[in-house]
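In what follows, a structure is listed as structure tokens, so that the remarks can point back to it.
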Amino acid sequence: MRVLLTGGAGYIGSHTAVELINAGHTPVIADNYSNSCPEVLNRIKEITGVEVEAHEIDMCDAEKVDKLFATGAFDAVIHFAGLKAVGESVSIPVQYYRNNIDSTLVLLDAMTKYGVANLIFSSSATVYGNPERLPLTEDCATGGCTNPYGWTKYMIEQIIRDAAKANPNLSAVLLRYFNPVGAHASGRIGEDPSGIPNNLMPFISQVAVGRRTHLSIFGNDYNTPDGTGVRDYIHVVDLARGHVASLPYCASHKGSVEINLGTGTGYSVKEMAEAFARVNDIPVPYQYAPRRPGDIDACYADPVKAKELLGWEAQLGLEEMCRDTWNWQKNNPNGYKGAN
Ligand code: NAD
Ligand code: UDP
């Protein structure tokens, strides 16, 4: 299939491009590089031998997106494009709503106009807010998001559900990611956050490489076995393969469906820091710090629906997550900047 990846130069999009190529598909990337850089395209070529078609486009720009679709002949779209920094979304909410929602509306218009029927959307476990119960099944209550970023995902899910109801040709898979971590085993593509990382694994790896003195563990009085927060970390290559597995399902169904992409296993912050140190034989000093506002005790998926509908389940474990994160970080201490 010829698959448009909006935001395809980003962390999850680049890994998905590689897995699509491995599975015989043709990804086409559309990205404005607001949180990525074109060097990613060279890295994808190094890994796969394939030069990916790429377009520098703001997905909110309706005219340019129309032009892209006019000649694109896409069989499906995976919509990764979006701003994703939780803290920043609290400071500049309007930009988050505008970018994430406008890009989706523009995309849906173009898909309708050009008869592109299959849409896979990057949603998030953040739509569950404070989990009603654990593990989270897709029918658990959503809403109660603790930041504007989370609300954009909640709202976009609803927009896509409504669009799929109104357009009997549209098929949408709303993938609710848990916590993506890790990198391609080659160490050539990975997560490249700008500034001080907000997320746990990039922070741990910057401590390990010496860019930060220690990890602050936000809270050790949560209602979890060791008191630190528990999350469902999923290797980004597994996550990318979940998108590949979603394509035939999407193409053979109509309407919209929500599917969790997680492993079903929760690890605590302390377990993650200790596993990283053990697997990579490198110290990860940490200190306890106050809770981070908006954080919840624990969050992990029930992954059964993905297995039933997509025939997909996560294959890679904690060891690979820690090993591949470190392999990427140590080979690219400054991310894609100063690329070698
Ligand atoms: P990322 O920032 O690495 O990738 C997003 C890409 O979208 C970037 O390359 C950015 O330049 C591009 N982009 C942003 N706005 C755009 C626009 N208007 N037009 C064109 N391109 C635009 O993020 P990621 O981690 O790869 O996340 C991909 C998607 O998955 C996002 O929608 C994110 O919200 C969602 N998601 C991510 C996580 C996570 O922890 N990484 C968890 C749940 C959901
Ligand atoms: N966390 C932490 N220190 C950090 C970053 C994160 O203790 O520097 C904790 C955070 O409180 C949460 C877990 O690590 O319990 C995962 O946080 P992350 O931001 O990676 O993902 P979230 O689940 O919040 O989307």
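Once each part is reduced to its C-alpha centroid, what is the distance from the range 68-121 to the range 275-298 in angstrom?
What the calculation gives is 33 Å, centre to centre.
Would you look at the GNM of the chain, springs on alpha carbons closer than 10 Å, and say which of Val94, Val304, Val116 moves the most?
Val94
In the structure shown, do any of Lys64/Lys113; Lys113/Lys165; Lys254/Lys305; Lys67/Lys153; Lys84/Lys153 have a Cα-Cα gap over 20 Å, and if so which?
With Cα atoms farther than 20 Å apart: Lys67/Lys153.
Can you pull out the chymotrypsin sites (Phe, Trp or Tyr not before Pro) in the range 115-204 that DSSP calls coil and that have at most 15 other Cβ atoms within 10 Å?
Here no chymotrypsin sites (Phe, Trp or Tyr not before Pro) fit, given the DSSP loop and packing criteria.
Express the relative contact order of the chain as a whole percentage, based on alpha carbon pairs under 8 Å and six or more residues apart in sequence.
It comes to 19 percent, rounded to a whole number.
Can you show me the helix-derived [θ] at 222 nm for the chain, built from DSSP H runs with n ≥ 4 at -39,500 (n - 2.57) apiece and divided by the number of residues, rounded to the nearest 500.
The per-residue figure over the chain is -12500 deg cm²/dmol.
Loop only by DSSP, 16 or fewer other Cβ within 10 Å of the Cβ. Give me the trypsin sites (Lys or Arg not before Pro) in the range 29-81 that pass, ordered by residue number.
Passing both the DSSP loop test and the Cβ count: no residue.
Per residue, what volume in Å³ does the convex hull of the Cα atoms of the range 151-190 enclose?
Residue-normalised Cα hull volume stands at 105 Å³.
Count neighbours as other Cβ atoms within 10 Å of each site's Cβ, and list the GluC sites (Glu not before Pro) in the range 118-157 that are DSSP loop with at most 13 such neighbours.
Sites meeting the loop and neighbour criteria: Glu132.
List the equivalent ellipsoid semi-axes of the chain in whole Å, largest first, each obtained as the square root of 5λ for an eigenvalue λ of the Cα gyration tensor.
In descending order, the three semi-axes are 31, 23, 18 Å.
Every number here is computed from the coordinates shown, using simple stated rules; none is lab data. All values reported here derive from a predicted model rather than from experimental measurement. Using ideal geometry, Cβ is built from the backbone for each residue, glycine included, and neighbour counts are taken over all protein chains shown.
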